């Protein structure tokens, strides 16, 4: 039996060695002097063999390897992850603006599922889930002990079916139980309206594949409604968890001159370091029409205010940081989330993928916002929440386990991870309107636009 086990372990060891050699040579084609961690690999195969032989139940090789990969990635930082076939498909569909589920961005913390951000106008948002909520039970299943992937699968289901989520929330003495009806989640990433005094208001809820196009359409529509007599623009990025990097470049490009630096990235791999400018080739897919070409000229000159809060993350911070660095807009609100990394989606041959943090990004003036966030030019908190109470409930990138430190490195690639919090109030929105008339931050932004116009006329 011992000899059989040793033969099995030895065989497995060399198989793993072979796999690792392939991976290392593939990932490090441009590097030299890469050595294999022989002792660590030997330890891995020994543990693998002991589990196969001694665990109380049979475990498939596929499950063991899959869980090992998950652990390897989740141990790096809060945003790197292994995507099984279902998760990879959901990610692909989600960036296109439609997917099934409850409508929440989630992560894992202390063995529980943490609500990072409820997506606006989704079942979870309407039910009242909030950023920072810890989901401890899904229907009758305790979350403790489940992987994030397993928990997400349990929350998915056919549209119009019911799910019960038991939630622990700061400030509540007892767990809260939410009854939510699943639905097809269709995200309208851009919403717009003309406010008083000819102010064009645009809210971006998520940076998706067509967000740049939808923004251009919204701006043209609102400018046309008032014969181009727009006195100012308010871009609302509050509680926007991020999304696609090229969409962030497109949104920024709508408001700044062409060939202006938007963001640059730095990483260990050569192609992870790049500079992205407000040029069509940096935000358009090959062969696509430049939807920003015929924007009204005033979009780049009228007074502009960008609203951010602790829920503004990743792509939102790229836009706010670029507009701030180029003095194109006044940034108003509260400190942003502080996610300064970009994740690369690396498809694997078996239909799965890994989401890997490959670099950090910098604003045009070289600021890294990793674990820091964007500091508003004018700090304005929501008047409904006391300053000291608000700070207790805010969760930022630096609070996440295994968060990258603040050293001066940046990020590259296509997908910015969507992690943020949500401190906005969802109530009192009027019919046929996307704004809350009691929104203190928005009202202050309108007042600032008025003041800037008065100053410009003096």
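Set side by side, the residues 283, 264 differ, and just one is in contact with a helix residue (DSSP H, G or I) (Cβ under 9 Å, 6 or more places away or on another chain) and farther than 21 Å from residue 434 by Cβ, which is 283.
Can you tell me which residue among 36, 12, 91 is modelled with pLDDT of 80 or more and not assigned by TED's automatic domain parsing to the domain that holds residue 351? I'd like the intermediate steps shown before the answer.
On the way: 12 fails: modelled with pLDDT of 80 or more; 91 fails: modelled with pLDDT of 80 or more.
Of 36, 12, 91, the one residue that is modelled with pLDDT of 80 or more and not assigned by TED's automatic domain parsing to the domain that holds residue 351 is 36.
Out of all the residues in the stretch 300-313, is one or more in a strand (DSSP E or B), more than 30 Å from residue 118 (Cβ to Cβ) and in the same structural domain as residue 452 (by TED's automatic domain parsing)? Taking every residue of the stretch 300-313 in turn, none turns out to be in a strand (DSSP E or B), more than 30 Å from residue 118 (Cβ to Cβ) and in the same structural domain as residue 452 (by TED's automatic domain parsing). For the stretch 327-350, check the following and say yes or no: at least one residue is modelled with pLDDT under 90, crowded, with 18+ Cβ neighbours inside 10 Å and part of a loop (DSSP other than H, G, I, E, B). Checked the stretch 327-350: at least one residue is modelled with pLDDT under 90, crowded, with 18+ Cβ neighbours inside 10 Å and part of a loop (DSSP other than H, G, I, E, B). It is to be established whether one or more residues within the stretch 166-185 are in contact (Cβ under 8 Å) with a residue 40 or more places away in the chain, in the same structural domain as residue 318 (by TED's automatic domain parsing), surrounded by fewer than 24 Cβ atoms within 10 Å (Cβ to Cβ) and not in a strand (DSSP E or B). Within the stretch 166-185, none of the residues are in contact (Cβ under 8 Å) with a residue 40 or more places away in the chain, in the same structural domain as residue 318 (by TED's automatic domain parsing), surrounded by fewer than 24 Cβ atoms within 10 Å (Cβ to Cβ) and not in a strand (DSSP E or B).
Residue-wise test of (1) in a helix (DSSP H, G or I); (2) surrounded by 14 or more Cβ atoms within 10 Å (Cβ to Cβ); (3) touching a strand residue (DSSP E or B) at 6+ places or on another chain (Cβ under 9 Å); (4) in the same structural domain as residue 115 (by TED's automatic domain parsing).
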position	(1), (2), (3), (4)
194	no, yes, yes, no
200	no, yes, yes, no
203	no, yes, yes, no
215	yes, yes, yes, no
220	yes, yes, no, no
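Scanning the stretch 250-282 for residues that are within 28 Å of residue 450 (Cα to Cα) and either outside any loop (DSSP other than H, G, I, E, B) or in the same structural domain as residue 118 (by TED's automatic domain parsing) (or both) yields a count of 5.
Only one of 286, 224 is without any contact (Cβ under 8 Å) to a residue 24 or more places away in the chain, assigned to a helix (DSSP H, G or I) and farther than 20 Å from residue 313 by Cα. Can you tell me which? Please lay out each step first, then the result.
Details: 286 fails: assigned to a helix (DSSP H, G or I).
Checking each option against the conditions leaves just 224.
To keep it simple, each residue is scored yes or no on (1) loosely packed, with under 13 Cβ neighbours inside 10 Å; (2) under 24 Å from the mean Cα position of the chain (by Cα); (3) within 22 Å of residue 339 (Cα to Cα).
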| site | (1), (2), (3) |
| --- | --- |
| 54 | yes, no, no |
| 63 | yes, no, no |
| 70 | no, yes, yes |
| 81 | no, yes, yes |
| 86 | no, yes, no |
| 91 | no, yes, yes |
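Of all the residues in the stretch 377-394, those that are over 22 Å from residue 437 (Cβ atoms) and modelled with pLDDT of 55 or more number 3.
The values are calculated or read from the model by the stated rules, or taken from the named source; none is laboratory data. Since this is a predicted model, take the numbers as computed values, not measurements. Every residue, glycine among them, receives a Cβ derived from its backbone with ideal geometry; neighbour counts consider all protein chains shown.
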